[in-house]
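Engineer: The structure follows.
The values are calculated or read from the model by the stated rules, or taken from the named source; none is laboratory data. Only a predicted model underlies this, so the values are computations on that prediction, with no experimental measurement involved. So basically every Cβ, Gly included, is an ideal-geometry build from the backbone, and we count neighbours across all protein chains shown. Note: accessible area is taken over every heavy atom of the protein model, side chains too, but ligands, DNA and RNA are not part of it. Shrake-Rupley method; radii C 1.70, N 1.55, O 1.52, S 1.80 Å.
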Amino acid sequence: MICENCLERFVQALTKSEDTSIAAQYAFEEIADRYHIRKVVMQFVVKESLYTRGGDKRDKVLFQASGEAEEVMAFNREFVTGEGGTVNFYLYCTQGKEGFSAEEERELDIIMNILFFHCGRWRLINHVKRLSLTDSMTDIPNSGGFLTHVDKLLERKELTRYNAYYFNLTRFSLVNKRFGSRETDTVIVRYTKELQKFLKEDECLGRLGGDNFVALILKERTDEFLKLLSGVETYAMQGNQRVPLVISAVAGVFEIDERVVNCGMVIGECATALNIAKHIEKKPYLFASEEVRRRVDKEKQVASGFVESLYKGEFKAYYQPKVDTETYQIVGAEALARWEHEGRLVPPVEFVPVLEQNGMICMLDFYVLEQVCKDIRDWLQKGIEPVRVSVNLSRKHLANPNLAEDIMNVLNKYETESKYIEVELTETVDEAESAQLVDFMEKMKDKKVALSIDDFGTGYSSLNMLRSFPVDVLKLDRTFLNSLEENDRIVLSNIIRMASELNMDVVAEGVENWQQMDYLKKMACKVVQGFLFDKPMPKEEFEEKLRVGRY
Ligand code: C2E
Ligand code: MG
Ligand code: MG
């Protein structure tokens, strides 16, 4: 019978390490003399399957005795694996020991079984490790895999050679809507493959899920990589048709320096930059910097202090008149939020995007609407005839199915006639939002509250909006007035004409000089709003303007 001590030590040596390929060397050293073993080779063959892409075929030397001697294959044992593959163990002995007794063969058989069992355990551990670090859809590292890579470079003191990126695909939900989730997954896989082609050794691309990716790219290749991210050509299949797609991404970039001491900082820094690039600056990329960090701190302050400031009455509705281009009469006004905070008048750019992001903008909009209704009631009580005041509504409100009712409740609370209120919304490309928008617009029409499309011409669906929405007013974005070149003139005059044929009013925003004013007049634009007449002003000042009624 096999020396029990030997077998025990063989098993112990194997069990000590998770990696059978390393442990086998020590294990066989325990029994090599007894069986004259010189070499043990494992041959592993697995067919392509769900778990083993492309199959697997490997020869591995598990044990090699020291010293030189002639080796002869003396024993072979084949096992069938769970995936329908095979594992063959070949045992080589010193010449002269080619044959084993029946007893010895039984013992070797036990040893091979133990070895096979350990190989299985080892493969399983490796498989789970790999899965836990890999994104199953794209077969690239997931967040854990990416961070493991970062850690490795950090340990090697090579991390500072790289920039880290966190990027998100632009308007990717549209791809999802158009092609469905299954094809969208395939598009992501294709996109990933294109990016992988760019990678050099030790650069890394990871997917965090959805359309969020991270990357580690050599610093000298920053421009090249950003250029790649600005548009990767791929395609989607629609039936049998190949629809070309250009996928762009918004990225936060972090220039890694010596201050980085752990891998967590890397993703954190670029995530912050991405967030600002995407939601606030609306830029294709942004480098993380001291300034970005300060901004984030400031935004956190805005978010945390907002509710208290609102209750303290620090937010005010300012009014900017809308003026008739023929008579110079004040025919309306827009209510714009201002924050009187610590002796400073904070403009909307500093708080609206932050509040948009955390959803608190809805509170602000209703607060402004209440202020406006109160002011209108006040003017009426003083015998001043108000004008129609437009209030900005964030598109975030569209998720509220009771939006129209909520608005009417405020109007009713202050007994405000609907003719005095107009709501401004910006255009949308989102189909679900469009459906909600139509529903909301119809309810507003029903209640005779006017509705305007703000910043018209800057969105993506301008003409569609005109076709399918019951809009009362188009507010032309002020960028139309930036240059009055031939092409702009043609576009502008046609929008104005179209709007009038569709029975919509047009208000030109951002009119700053008489040249623009004359030009708009010529185009038959009837109402303007801009610094040429007045900037947004507090209620009391606007009240005086209302008393006079014209410029
Ligand atoms: P908006 O709704 O398009 O408002 C027009 C903006 O253009 C206002 O900026 C106004 O002051 C500015 N403006 C008017 N005439 C001129 C001009 O002649 N030249 C220039 N350069 N600018 C002019 P403001 O008040 O800073 O507001 C910026 C944006 O913030 C608004 O754009 C609106 O989108 C948002 N906002 C303001 N108040 C609110 C609010 O209560 N709720 C929501 N949801 N958004 C608001
Ligand atoms: Mg507006
Ligand atoms: Mg506007």
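Engineer: Tell me the residue from 21, 17 that is of a type in the set (Gly, Ala, Ser) and free of Cβ contacts under 8 Å to residues at least 40 places away in the same chain, please.
Structural biologist: Details: 21 fails: free of Cβ contacts under 8 Å to residues at least 40 places away in the same chain.
Residue meeting the stated conditions: 17.
Engineer: Can you tell me which of (1) β-branched (Val, Ile, Thr); (2) modelled with pLDDT under 80; (3) assigned to a helix (DSSP H, G or I) is the one residue 15 doesn't meet?
Structural biologist: The number of the failed condition is (2).
Engineer: Which of the numbered conditions does residue 137 fail, given that it passes all the others? Conditions: (1) assigned to a helix (DSSP H, G or I); (2) out of contact with any Leu (no Cβ under 8 Å at 6 or more places or on another chain); (3) modelled with pLDDT of 90 or more; (4) surrounded by fewer than 17 Cβ atoms within 10 Å (Cβ to Cβ).
Structural biologist: (1)
Engineer: Go through the range 458-491 and give me each residue that's within 20 Å of residue 392 (Cα to Cα), open to solvent by 40 Å² or more (accessible area, probe 1.4 Å) and modelled with pLDDT under 75.
Structural biologist: 460
Engineer: While we're on this one: Of all residues being in contact with a Ser or Thr (Cβ under 7 Å, 6 or more places away or on another chain), open to solvent by less than 40 Å² (accessible area, probe 1.4 Å) and in contact (Cβ under 8 Å) with a residue 60 or more places away in the chain in the range 403-457, which is nearest to ligand 3 (Cβ to nearest atom)? Just the residue, please.
Structural biologist: The extreme case among them is 454.
Engineer: Sticking with this structure for a sec: Every residue in the range 528-545 that is surrounded by 20 or more Cβ atoms within 10 Å (Cβ to Cβ) and not aromatic (Phe, Trp, Tyr), please.
Structural biologist: Kept after step one, since they are surrounded by 20 or more Cβ atoms within 10 Å (Cβ to Cβ), are these residues of the range 528-545: 528-530, 536, 542.
Passing the criteria: 528, 529, 530, 536.
Engineer: Now for a different question. I need every pair where a residue in the range 508-520 that is over 19 Å from residue 458 (Cα atoms) and within 15 Å of ligand 3 (Cβ to nearest atom) has its Cβ under 8 Å from the Cβ of a residue that is of a type in the set (Gly, Ala, Ser) and open to solvent by less than 60 Å² (accessible area, probe 1.4 Å), sequence separation at least 6 or different chains.
Structural biologist: Hits for this filter: 512/530.
Engineer: Follow-up. Within the range 458-471, does at least one residue satisfy the condition of being under 26 Å from residue 538 (Cβ atoms) and within 16 Å of ligand 3 (Cβ to nearest atom)? First the steps, then the outcome.
Structural biologist: Here is the first cut: in the range 458-471, the residues under 26 Å from residue 538 (Cβ atoms) are none.
Within the range 458-471, none of the residues are under 26 Å from residue 538 (Cβ atoms) and within 16 Å of ligand 3 (Cβ to nearest atom).
Engineer: If I go through the range 316-339 residue by residue, how many of them are within 14 Å of ligand 1 (Cβ to nearest atom) and either hydrophobic (A, V, I, L, M, F, W, C) or in contact with a Lys or Arg (Cβ under 8 Å, 6 or more places away or on another chain) (or both)? Before the answer, list the steps.
Structural biologist: Going through the range 316-339, the residues within 14 Å of ligand 1 (Cβ to nearest atom) turn out to be 316-323, 332-339.
Checking the rest, the ones that are also either hydrophobic (A, V, I, L, M, F, W, C) or in contact with a Lys or Arg (Cβ under 8 Å, 6 or more places away or on another chain) (or both) come to 316-321, 323, 332-339.
Residues flagged as within 14 Å of ligand 1 (Cβ to nearest atom) and either hydrophobic (A, V, I, L, M, F, W, C) or in contact with a Lys or Arg (Cβ under 8 Å, 6 or more places away or on another chain) (or both) within the range 316-339 amount to 15.
Engineer: Show me the strands (runs of 3 or more DSSP E) entirely contained within the range 383-479 in which 3 or more residues are within 20 Å of residue 507 (Cβ to Cβ), within 16 Å of ligand 2 (Cβ to nearest atom) and aliphatic (A, V, I, L, M). Step through it out loud before you land on a result.
Structural biologist: On the way: elements: 388-392, 421-426, 450-456, 473-476.
In the range 383-479, 421-426, 450-456, 473-476 are the strands (runs of 3 or more DSSP E) which contain 3 or more residues that are within 20 Å of residue 507 (Cβ to Cβ), within 16 Å of ligand 2 (Cβ to nearest atom) and aliphatic (A, V, I, L, M).
Engineer: If we scan the range 493-508, do we find a residue that is small (Gly, Ala, Ser), within 16 Å of ligand 2 (Cβ to nearest atom) and crowded, with 18+ Cβ neighbours inside 10 Å? Before you say what the answer is, go through the steps one by one.
Structural biologist: First pass over the range 493-508, keeping only residues small (Gly, Ala, Ser): 493, 499-500, 508.
Restricting the remaining residues to those that are within 16 Å of ligand 2 (Cβ to nearest atom) gives 508.
In the following step, the residues that additionally are crowded, with 18+ Cβ neighbours inside 10 Å were identified as 508.
There is at least one residue in the range 493-508 that is small (Gly, Ala, Ser), within 16 Å of ligand 2 (Cβ to nearest atom) and crowded, with 18+ Cβ neighbours inside 10 Å.
Engineer: Which count do you get for residues in the range 54-86 that are out of contact with any strand residue (DSSP E or B) (no Cβ under 7 Å at 6 or more places or on another chain) and open to solvent by less than 80 Å² (accessible area, probe 1.4 Å)?
Structural biologist: Number of matching residues: 3.
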